[in-house]
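A.B. asks: One structure, pasted below without further comment.
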Amino acid sequence: MKFIDVIMNWLIDFPFVPKIVKNNREPIIQFVKFGTVGFFNTILAYLLTNFFYYILLAQLPFLAARDALRTQCSNFITFMITVYISFLLNGHYVFAEESNAAAGAEGELENRTDKAAAGADGGKPAVESKRKAFWKPLLKVYASYSITSLFLNGFLLYLEVNIFGVPYYIATLLNMCITIPLNFILNKFWAYK
């Protein structure tokens with residue numbers, strides 16, 4: 001994703017770009033990277049959902065004739081896979097500094113307490129620390145996407161479509177304007193910390 005850094009730095013250096021953008025270069029580039037990962041994940045989710053719905057789950061006798069159940073199963077499997085991929089990509093390309101700092105700080109604290117508990121040699125605290133440093137942010141990422149994508153988006157869609165009469169295709173676009181920045185904030189300031 002270095003090419004995104006190069007392109008964004010080049011664009012931000014144009015004379016017509018406001019000073020507020022130039023002064024907030026890193027968070028803006030980070031948000032664009034987050035959006036790039038999200039765009040890739042959206043395409044992947046579309047492909048996976050259709051693959052599971054039309055090909056894989058349609059072959060199972062107990063799901064073949066149950067469209068509603070097959071829909072929910074394909075959405076759930078796709079959600080689990082794409083959020084995991086998003087976690088890996090965002091942790092490596094977008095929030096690498098936050099992720100490494102959090103893992104290092106957590107690992108140091110756990111190593112100190114583990115060494116005190118395990119004796120002079122320290123036992124296996126480094127492996128356990130890495131394992132904890134992986135699972136904790138992963139669970140936070142699943143929680144943040146569950147809150148925004150499943151609950152908030154579902155609630156907003158219900159209000160917009162059923163109460164206010166907004167067409168579904170417009171409501172989903174409106175919700176993206178809320179959920180994408182909220183996901184970015186939750187990931188940046190909570191999940192990868």
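A.B. asks: Could you report the accessible area of residue 66 in Å², rounded to 10, computed with a 1.4 Å probe on the protein chains as they sit in the structure?
C.D. replies: The value for residue 66 is about 130 Å².
A.B. asks: Still on this structure: Any idea how far apart residue 5 and residue 182 come out in nm if each label point goes 7 Å out from Cα toward Cβ?
C.D. replies: 3.2 nm
A.B. asks: Could I ask something else about it? Leaving ligands, DNA and RNA out of it, work out the accessible area of residue 36 with a 1.4 Å probe and give it in Å² to the nearest 10.
C.D. replies: Counting only protein heavy atoms, the figure is 50 Å².
A.B. asks: Describe numerically, in nm with one decimal, the distance between label points set 7 Å from Cα along Cα→Cβ at residue 44 and at residue 157.
C.D. replies: 2.1 nm
A.B. asks: Let me ask something else. Give the calculated FRET efficiency between residue 36 and residue 66 to the nearest 0.05, with a Förster radius of 30 Å applied to their Cβ-Cβ distance.
C.D. replies: Working: r = 36 Å, r/R0 = 1.22.
Plugging the Cβ-Cβ distance into 1/(1 + (r/R0)^6) gives 0.25.
The values are calculated or read from the model by the stated rules, or taken from the named source; none is laboratory data. Note that the coordinates shown come from a computational prediction; the quantities given were computed from them, not determined experimentally. Cβ coordinates were reconstructed from backbone atoms using ideal geometry, including for glycine residues, and neighbour counts include every protein chain displayed. Accessible surface is based on the protein model in full, side chains and every heavy atom, while ligands, DNA and RNA are left aside. Shrake-Rupley method; radii C 1.70, N 1.55, O 1.52, S 1.80 Å.
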